[in-house]
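Report on the following structure.
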Amino acid sequence: MPSTWTLASVFAQRVAEHARRTLVVAGGRTLTYGQVEAQAGAMAAALSDLGIGVGDRVAINLPNCPEWLVALLASAKLGAVVVPVNPRLNHHERKYQLRHAEVSVVFTAEQYGGVDYLQLFEEALPDLPDLQYLVTVGHEDLWYDDRIFQFEDLLSKGEGRAVPALDTIHDGSDLALLYTSGTMGKPKGVRLAHRAIIETALRTGEAIEVEPADRVLVSVPLFTVFGFGIALGTLAAGATLVLQEEFDAAGALQLIERERVTVLHGVPTMYHLLMRESTFAPGRLASLRTGVIAGAPVSDDLIRRVRRWCDVHVAYGSTETGPTVTVTRFDDPEEKRLTTVGRPLPGVEIKAVDVLTGQLHGPEAVGEIAVRGPNVMLGYARMPSETARSFSPEGFFLTGDLGIIDEDGYLRIVGRRKETIVRGGFQIYPREVEDQLRTHPAVDEVCVIGVPHDVLGELVCACIVPVEGAVITGPEVKHFARITMADHKIPDLVRFFDVFPMTGSGKVKRRELERTVALDHTVTIGSS
């Protein structure tokens, strides 16, 4: 057990135990714990010379790569706050996050995915008054001014130099400012303390029995709280990270086979894509032992299919909860492992709150899931009113998710409070309808949304991505629903899509789907 839950202290302990063990494998490079520690120390010393210190905000605008980890650990050594940024954000989204976070330093790729980030940031500097320095990762030998540095140059400047000792950073200090994915509105900056992330990551690893000998594939983006937690959990366990720069199924399968990956984490979409890849074969994945499916609703059928080749667990959480709240374990009853998202981590409490009265429920009643524990956020940055609204009088964080806690303490999620559809006086949880429709053999992905209606209040619209090559019609979907669910849950509308609009963390953008359907159709009952 660590003496303190700060990232710098936990990492220092792992380095002391096994400096020569491989920490990260990425893009043909292999770095040990000791090598990453040396680079992080050099980068911290160089940043300190530039005046970066406790409380400063350091953004990381990089794909999954070793430099991401070095920037994170260097910032932690200085007591700075890391702001992970999705490199795929558009100009306005990126500027909003950097301004809102009052970022002082940005680590960025020079070029990535056909985008010239150096040019973008140079043009954006006048609109970002708090931004003092850019640190670029790339291979170009370019001319820079006194505000722009190459990553390797800063490493050279800081090599062998001491990092200032900190006595003001503790496990309750801010470690990261992560922005929510914005599936239901504008993203919010979530303040997470060192302990919230480090202890949660370590406890999650303990629950699924991650060991120092494990090799963990990180295809989930590090800018998400899921990817962030995977990286820190692996580091805290003393295991090895195998980084995939950006997820693609064929490349992930090659990495698993070549690097003998033993632990695989991902959102449901990733597992679907892996099994649909033409080169997929369970025999190639013999090294896999376990992993976590999380980040979006998981169907029973998907869990069964994945467990034929990897004994995965299901977890539940959010950006605001560090992220893990509950997770299944190997010794759970099989039915619980299949139909629930498990039990809380040690030290974490969950309750179901009556959505009408705000009172805490007993077991077996649907309510809004509320969480209290060391994993919960410090609050939303610069949003005190929103922070206050997000907590119950008892100090529980109100997740916005609807669920049932059974008498044994296992949690089953039924939907989002804001996504609940009220049709003709009936409350409908989209998750329930989605789970039923996913069992149709021609349905690959489904998202159920509410569409305004002047008589019934809302209609149920099933948005469907069919299985490749399958032929399916709206009336067929409705007929299937009529057999499997109550009349008031049967979709009034069915819309087909090639793909769903997704956030960087792999969640469906429901608001965007709602706008698309609203623009596409003048709603009438019975239309398909």
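The values are calculated or read from the model by the stated rules, or taken from the named source; none is laboratory data. Source: prediction; values computed, not measured. Glycine gets a Cβ as well: all are built from the backbone with ideal geometry, and neighbour counts include every protein chain shown. Areas reflect the complete protein model, heavy atoms only, side chains present, ligands, DNA and RNA absent. Shrake-Rupley method; radii C 1.70, N 1.55, O 1.52, S 1.80 Å.
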For this session: Compare the Cα positions of 360, 216, 471 along the charge dipole of the chain (+1 at Cβ of Lys, Arg; -1 at Cβ of Asp, Glu; about the Cα centre) and return the one farthest towards the positive end.
Result: 360
Problem set entry | C-alpha center-to-center spacing [the stretch 500-519, the stretch 70-106] in angstrom | 25
For this session: With a 1.4 Å probe and every protein chain left in place, work out the accessible area per residue of the stretch 299-356 in Å², rounded to a whole number.
Result: 38
For this session: Give the dimensionless ratio obtained when the Cα radius of gyration of the stretch 97-237 is divided by 2.2 N^0.38 Å.
Result: 1.24
Exercise. Where nothing but the Cβ of Lys and Arg (+1) and of Asp and Glu (-1) is charged, how large is the charge dipole of the stretch 281-436 around its Cα centre, in debye to the nearest 20?
Worked result: 600
Seminar exercise, completed: Toy charge model, Lys and Arg Cβ at +1, Asp and Glu Cβ at -1: the stretch 383-466 dipole around Cα centroid in debye, rounded to 20, equals 240
Exercise. Ignoring ligands, DNA and RNA, what accessible area per residue does the stretch 1-125 give at 1.4 Å, in Å²?
Worked result: 35
For this session: For the chain, give the percent of accessible area contributed by carbon and sulfur heavy atoms, probe 1.4 Å, rounded to a whole number.
Result: 50
Problem set entry | Charge dipole of the chain about the Cα centre (unit charges at C-beta), most positive-ward option of 375, 25, 448 | 448
Problem set entry | Beta bridges per DSSP with both ends in the chain, % antiparallel, nearest 5 | 60
Seminar exercise, completed: Computed about the Cα centre, the charge dipole of the chain from +1 Lys/Arg and -1 Asp/Glu charges at the Cβ has a magnitude in debye, to the nearest 20, of 620
Exercise. Hey, what did the stretch 198-325 get for relative contact order, percent, Cα under 8 Å, at least 6 apart?
Worked result: 24
For this session: Can you list which of the GluC sites (Glu not before Pro) found in the stretch 43-148 are DSSP loop residues with at most 10 other C-beta atoms within 10 Å?
Result: 140
Problem set entry | Degrees between helix 66-78 axis and first principal axis of the chain (Cα, 0 to 90, nearest 10) | 70
